[in-house]
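Please treat every number below as a calculation from the coordinates, not as lab data. Remember, predicted model here, so these are calculated numbers, not experimental data. In this analysis, Cβ positions are derived from the backbone assuming ideal geometry, glycine residues included, and neighbour counts consider all displayed protein chains.
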Amino acid sequence: MTNAPDQFDISIGNPLSSELDLLFERHVVAMHADTPPESIHMMPRETLVSPEITFFVMRRGPKPVAMGALKRLDPSHGELKSMHVLSELRGQGLSRRLLDHMVAHARAQGLRRLSLETGAQPSFQAARGLYQRAGFAECPPFANYRLDPNSVYMTLML
């Protein structure tokens, strides 16, 4: 689908595509910036290729500018993974747009609950605020997560 350079489009993509290298490089750097290695729950790029995962790419014209993944945990529960927007485009509402798109996709897929893990550090404050404004509330660890002082767990009933 072709877009004007100032328009944004969200579509399902392949996380292994080389056009996403910059997004993944920046995501990895951001996750390691102030989080101890044992508290990083980022999925390796290769594991995002799975029947249980839908991987989304937001583009501005042809250029990938954001990504996120939706992992099905069970028939009614999903998890948001690997959400990242290029830093130079933050503050334009793109994170919210991508989040809204993934929540709508989860609903369309019949999920009734959507959860996530994010950092507890100050560098994750904007992300936590985004999720709270979208209706997510803090919750206990879910799936295979355990209590971790560096993690905040949130969930949204769909």
| Gain in length, Ser76 to Asp100, computed as 0.36 nm per residue apart minus the alpha-carbon separation, to one decimal in nm? | 6.8 nm
| said: Applying a 10 Å radius around every beta-carbon, put 52-58, 132-138 in order of their mean neighbour count, most first. | reply: 52-58, 132-138
| field | Positive-end extreme of charge dipole, region 8-112 - chosen from Leu80, Ala69, Leu94 (charges on Cβ) | value | Leu94
| Extension reserve of the Ser50-Ser11 stretch, reckoned as 0.36 nm per residue once the Cα distance is removed | 12.4 nm
| request: Provide the FRET efficiency to the nearest 0.05 for the Glu19-Leu147 pair, computing r from the beta carbons and using R0 = 41 Å. | output: 0.60
